Amino acid sequence: MDINAWTALLAATIVAGTPILFAAAGELLAERSGILNLGVEGMMLVGAALGFIVTVNTGNHWVGLLAALAGGGSMAAIHALVTVSLRGNQVVSGLALTIFGSGLSGFLGKNYQGIPMNYGFKSLDLPVLSDLPYLGAVFFRHDILVYFSVILALFMWYLLYKTKWGLAIRSVGENPQAADAVGIDVSRIRYLCTIAGGMLAGLGGAYISLVYAPTWQENMTAGRGWIAVALVIFALWNPTRAVLGAYLFGGVEALTFRLQTMGINLSSFFLAMFPYLVTILVLVVVTIRRRQDAGAPQALSVAYDREER
Amino acid sequence: MAKIKLIRREKESPLARVLVPVTSVLMAFAVGWIILALAGHNPVLVYQKLYNGALGSSYAVSETMVKAIPLMVAGLAVSLAFKMKLWNIGAEGQIYMGALAASWIALNLGQSSGPWLVIPLMMIAAFAAGACWGLVPGVLKAYWQVNETIITLMLNYVAISWVDYLVFGPWKDPNSMGFPLTPIFAPAAQLPTWGDSRVHLGLILAMVIAIIFYLSIQYTRWGYEVRVMGESSAAARYAGMNVTKNIMLVMLISGGIAGIAGMIEVSGITHRLQQGISPGYGYTAIIVAWLARLNPLAIIMVAFLFGALLVGGFAVQIVGVSFSITQVLQGTVLFFLLAGEIFINYKVVLAHKEVL
């Protein structure tokens, strides 16, 4: 491979990592508040379907993006209702969300399979930076959502560690009893974080159907929602580490795709396993290396019951 | 001013335990009604098709039973893991691995040996393959607390790709005209069926597994340990139970039973390995298990309901509704079930704010 092929591969890595970054950032926020939402895959699918359908019908991809945000957010609101207000099991509710979202997106998108997409986000070359040799092609000739995803992750780091809201979110995730005692509204913070997380998952899904693919296919997220959940663990619940992780997984995906088109002498079915095997490997290594549960919010996936404090 | 207040019950309410699942199913159909109506379909017509497709004739009922069998077996598989709060959502992959291993036996020994050898060997191979697929996340969980939910889910994709590789490649029937299928199994590798229908011996097998499961959970020391560990692994460790060993054992058995579900599907229904051998049985099984409140005998009954939903789901495609509507209904049932659980564990009372 010559140097241009490498820069193309790295640029593809950034694009492939972007939807995972959106979804992982959203899940990270929810988990920081103590709510585990395994419905990321379902919320991404609904975001992808709604984003595509609304864009095709309105001719405006920004409206499509809003629909994806609303779709992901509404689904997360169901999860919040079930797990925060009704204290239902967070694992099972998340699975329900994934099954529901997979079904709903297939139901809504039935007549949109494989139709062409003529709108979408154009590449926005950053002045000066995009002219840098090699680096420009890798980092600075992308669509606006790529830049936004990185800014979002950095902003989320700032929010969580440098603001009083961040302190409140983290304390609700670590010790809701103590947070409640100092007057923080535990339920309200959990609702807000979960819903915001769902909106970001929807955005990640729409990025796939509007920019990355760009088309609609049933179950087109192909496990990326689950990879995003794994990524939160990889990131040790830190948004800046999530950026690196997202590009690691994006790199695996881009490389798999590249190897397939290069006609390498390995069955494409084995190549298709590659991202999932890497996810398993990364999760195992990260979990074994860190001290048990270091980084995980202490009250993650535990319902808060005021009466029992 | 009145305010809703929740008081934890001393014991689960037995009435709510029955009413909540039933109401959940009804409410899910009500939500489905609204979604269908909003999408411009005629809900009455769609539900009529659904009902007729699933239960409207003796053929329909037998097809519902055919779909219920793998759901029973896979439902039993995941509920064993769920009892220990091990979130095995990898039944789908374990089904594929079981089907793969059983097919390997059938394709290699089916011609030369009798059913009394081939069928048990297929079962053993399927159990072993599914057990491996469950044991890997089990070991990772037991020794290093690696999140089993994600590992089991990731392994689903690996298993499906593996089966795809075989049926598109080395195992493909040369006479399949390009379709991704293996050659058809010899009669010795096929489960006997009931009369003219496709209902096969797997039904009896599912019931046997359910009974063994029920008895061993309810009446053995090991079953007691599994229940205690599900409540609190700290308490179980304190009482001297070997939690590490049991995590691996339960994941192994859970995966193995799901593997059997894959075996009965290839041996009883398709008589060959093919692409998409399971249309998501492993995921539907999670809902079956939860709706049955992890009770093995209830799983048998609940599986019929979801078998009916799958068969009916194929029928509604005639009136232009996507098969995905069945998944929408499944997810919705689960939401109502979780939401309703609060009535099982809590008493809901209206309290006046002044009193508080």
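All of the numbers you see were taken from the coordinates with simple rules; none came from a lab. This structure is a prediction, so every number in the text was calculated from the model and none was measured. All Cβ positions, even for glycine, are placed from backbone atoms using ideal geometry, and neighbour counts span all protein chains on display.
Would you calculate, for chain A, the mean residue ellipticity at 222 nm contributed by helices, counting each DSSP H stretch of 4 or more residues as -39,500 (n - 2.57) and dividing by all residues, to the nearest 500?
-22500 deg cm²/dmol
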At what distance in nm do the modelled label points of B:Ile204 and B:Ala39 sit from each other, each positioned 7 Å from its Cα along Cα→Cβ?
-> 4.1
Evaluate the Debye formula for the range B:186-261 with equal point scatterers sitting on the alpha carbons, no solvent, and hand back log10 of I(q)/I(0) at q = 0.13 Å⁻¹, in q order, two decimals.
-> -0.55
The answer for B:Tyr346, listing residues at least 5 apart or on another chain whose modeled amide H is closer than 5 Å to its amide H, is B:Arg9
Estimate the FRET efficiency between B:Ser216 and B:Tyr51 by the formula 1/(1 + (r/R0)^6), using the beta-carbon distance for r and 51 Å for R0, to the nearest 0.05.
-> 0.85
Backbone N within the range B:179-223 under 12 Å of label point (7 Å from B:Ser58 Cα along the Cβ vector) = B:195-197
Percent of all alpha-carbon pairs of chain A at distances over 33 Å, whole number, is 23
Hey, can you grab everything whose amide H is under 5 Å from the amide H of A:Ala303? Only 5+ residues off in sequence or another chain; H modelled, so Pro and N-termini drop out.
-> none
Estimated dipole of the range B:65-295 in Debye, rounded to 20 [Cβ of Lys and Arg +1, of Asp and Glu -1, Cα centre] = 480
Restricting attention to the range A:46-109, which chymotrypsin sites (Phe, Trp or Tyr not before Pro) occupy a DSSP loop and are surrounded by at most 12 other Cβ atoms within 10 Å?
-> none
Read phi for every residue in the range A:124-134 and hand back ³J(HN,Hα) as whole Hz from Karplus 6.51 cos²θ - 1.76 cosθ + 1.60, θ = phi - 60°, with x for Gly and Pro.
-> 10, 6, 6, x, 6, 4, 5, 8, 4, x, 6
Could you give the angle, 0 to 90 degrees to the nearest 10, between helix B:202-219's Cα long axis and the longest principal axis of the Cα atoms of chain B?
-> 40
What value, in deg cm²/dmol to 500, does the helix sum -39500 (n - 2.57) over DSSP H runs of n ≥ 4 give at 222 nm once divided by the residues of chain B?
-> -23500 deg cm²/dmol
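Using the Cα atoms of the range B:65-295 to build a convex hull, what is its mean projected area in square nanometres?
12.6
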For helix B:115-144, what angle does its Cα long axis make with the longest principal axis of chain B, in degrees from 0 to 90 and rounded to 10?
-> 50
Could I have the simple spin-label model distance between B:Ile4 and B:Met177, label points 7 Å from Cα toward Cβ, reported in nm to one decimal?
-> 5.8
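With the contact rule set at Cα under 8 Å and sequence spacing of 6 or more, what percent relative contact order holds for the range B:75-153?
Reported as a whole number, the value is 37 percent.
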Quick one: compute a quarter of the convex hull surface over the Cα atoms of the protein assembly as shown and quote it in nm².
-> 32.2
Please turn the phi angles of the range A:196-204 into ³J(HN,Hα) values with the Karplus equation 6.51 cos²θ - 1.76 cosθ + 1.60 (θ = phi - 60°), one per residue in order, whole Hz, x for glycine and proline.
-> 4, x, x, 4, 5, 4, x, 4, x
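In square nanometres and to one decimal, what's the mean projected area of the convex hull around the Cα atoms of the range B:16-118? Walk me through the numbers on the way to the answer.
Numbers: hull surface 44.1 nm².
About 11.0 nm², averaged over all directions.
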Near-label residues of the range A:270-291 by backbone N, under 14 Å of a point 7 Å along Cα→Cβ of A:Met262 | A:271
Hz values of 3J(HN,Hα) by residue in the range B:296-303 - Karplus curve (6.51, -1.76, 1.60), Gly and Pro given as x | x, 6, 5, 4, 4, 6, 4, 4
With point charges of +1 on the Cβ of Lys and Arg and -1 on the Cβ of Asp and Glu, referenced to the Cα centre of the range B:65-295, which listed residue (B:Ala91, B:Val228, B:Gly280) lies farthest in the positive direction of the dipole?
-> B:Val228
Please compute the net charge surrounding A:Leu271, taking Lys and Arg as +1 and Asp and Glu as -1 over other residues with Cβ under 15 Å from its Cβ.
-> -1
Among B:Thr193, B:Ile212, B:Ile325, whose Cα sits farthest toward the positive end of the charge dipole of the protein assembly as shown (+1 at Cβ of Lys/Arg, -1 at Cβ of Asp/Glu, about the Cα centre)?
-> B:Ile212
Within the range A:103-140, what residues put their amide N at less than 14 Å from the label point 7 Å along the Cα-to-Cβ vector of A:Ala8?
-> A:138
When the charge dipole of chain B is computed with +1 on Lys and Arg Cβ and -1 on Asp and Glu Cβ about the Cα centre, the Cα farthest towards its positive end, among B:Phe82, B:Ala315, B:Met301, belongs to B:Phe82
Return the Rg/Rh value of the range B:96-201, two decimal places, where both radii are evaluated on C-alpha atoms and Rh is the Kirkwood radius.
-> 1.06
Taking a ≥ b ≥ c as the square roots of the eigenvalues of the Cα gyration tensor, with a/c under 1.5 meaning rounded and otherwise prolate when a/b exceeds b/c and oblate if not, the range A:32-131 is oblate
Nonlocal amide H pairs with B:Asn242, under 5 Å, H built at 1.01 Å = none
Using only alpha carbon pairs under 8 Å that are at least six residues apart, calculate the relative contact order of the range B:65-295 and give it in whole percent.
-> 43
To the nearest 20 debye, the protein assembly as shown has a Cα-centred charge dipole, built from +1 on Lys and Arg Cβ and -1 on Asp and Glu Cβ, of 1260
Cross-link pairs beyond the 21 Å C-alpha cut-off, checked among B:Lys67/B:Lys141; B:Lys11/B:Lys245; B:Lys11/B:Lys83; A:Lys110/B:Lys172; B:Lys5/B:Lys83; B:Lys11/B:Lys347 = B:Lys67/B:Lys141; B:Lys11/B:Lys245; A:Lys110/B:Lys172; B:Lys5/B:Lys83
Kirkwood-Stokes translational diffusion coefficient of the range B:240-356, alpha-carbon pairs, 20 °C, 1.002 mPa s, µm²/s | 122
